[in-house]
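I am attaching a structure below and will ask some questions about it afterwards.
Read-outs throughout are calculated quantities, based only on the coordinates presented, and are distinct from any laboratory measurement. Predicted model only: the values in this text are computed from it and were never measured. Quick reminder, even Gly has a Cβ in these numbers, built from the backbone with ideal geometry, and neighbours come from all protein chains shown.
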Amino acid sequence: MQATISFRPLAHEDLPLVFDWLNREHVKRWWREALTFADVEAKYRPRIDGDAKTDMYVIEVDGRPAGMIQTYLVSDHPEWIGDEPGVAGVDLFIAEEELTGRGLGPRVLTEFTSRVVFADPAVTACVAGPEVVNDRSLRAFEKAGFVREREIPGESGPEMLMRKERG
């Protein structure tokens with residue numbers, strides 16, 4: 001039987017869990033946010049409260065928190081790839097290490113883009129920027145229907161801009 005994937009908005013009560021997740025070695029390797037709890041609160045509270053332009057969700061697998069995913073409009077962050085109206089960005093991590101490498105990432109991306117990102121009729125495409133050396137993430141995005149567009153500069157090294165068009 002295949003696991004059920006759901007998404008729920010990140011809540012204040014989740015911040016201790018997010019703090020724990022961000023400090024797990026397999027998450028820190030790519031997310032690179034080994035933060036204090038105060039840092040986590042400062043970064044994520046405005047997003048939870050709707051004061052920031054990034055929507056945060058907990059990924060649940062069979063009702064159990066398993067990771068985090070976020071989406072935002074690229075036009076709200078033009079310094080990243082430019083001001084491209086109608087394009088949403090997405091970032092995620094699977095926090096429970098035993099769930100990695102089992103095909104969950106592509107399923108999460110497929111379901112999230114379908115149920116959340118493209119639920120907004122104004123969104124015409126979804127993009128992401130995994131590091132070019134993160135083969136597992138690149139494959140997950142490709143399996144979810146994203147295509148490699150071009151290499152772009154990233155905070156920790158080159159990233160591959162991945163893109164998925166609506167429909």
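Whose amide H sits under 5 Å from the amide H of Glu84, counting only residues 5 or more places off or on another chain, with H placed in the peptide plane?
Long-range HN contacts for Glu84: Ser75.
Among all the lysines, which ones have a C-alpha under 25 Å from Lys53's C-alpha, if same-chain residues fewer than 8 places away are not counted?
Partners found: Lys28, Lys43, Lys164.
Over all pairs of distinct alpha carbons, what does the Kirkwood formula give as the hydrodynamic radius of the chain, in Å?
Evaluated on the chain, it is 16.2 Å.
Contact order normalised by length for region 53-97, with contacts defined as Cα pairs under 8 Å and 6 or more residues apart; what percent is it?
Taking the mean separation of contacting Cα pairs over the length of region 53-97, I get 34 percent.
I've got another one for you. How many angstrom lie between the Cα centre of region 82-136 and the Cα centre of region 34-78?
Centre-to-centre distance over Cα atoms comes out at 14 Å.
If packing is taken as the average number of other Cβ atoms within 10 Å across a peptide's residues, how do 150-156, 72-78, 52-58 rank, most packed first?
Packing order, densest peptide first, comes out as 52-58, 72-78, 150-156.
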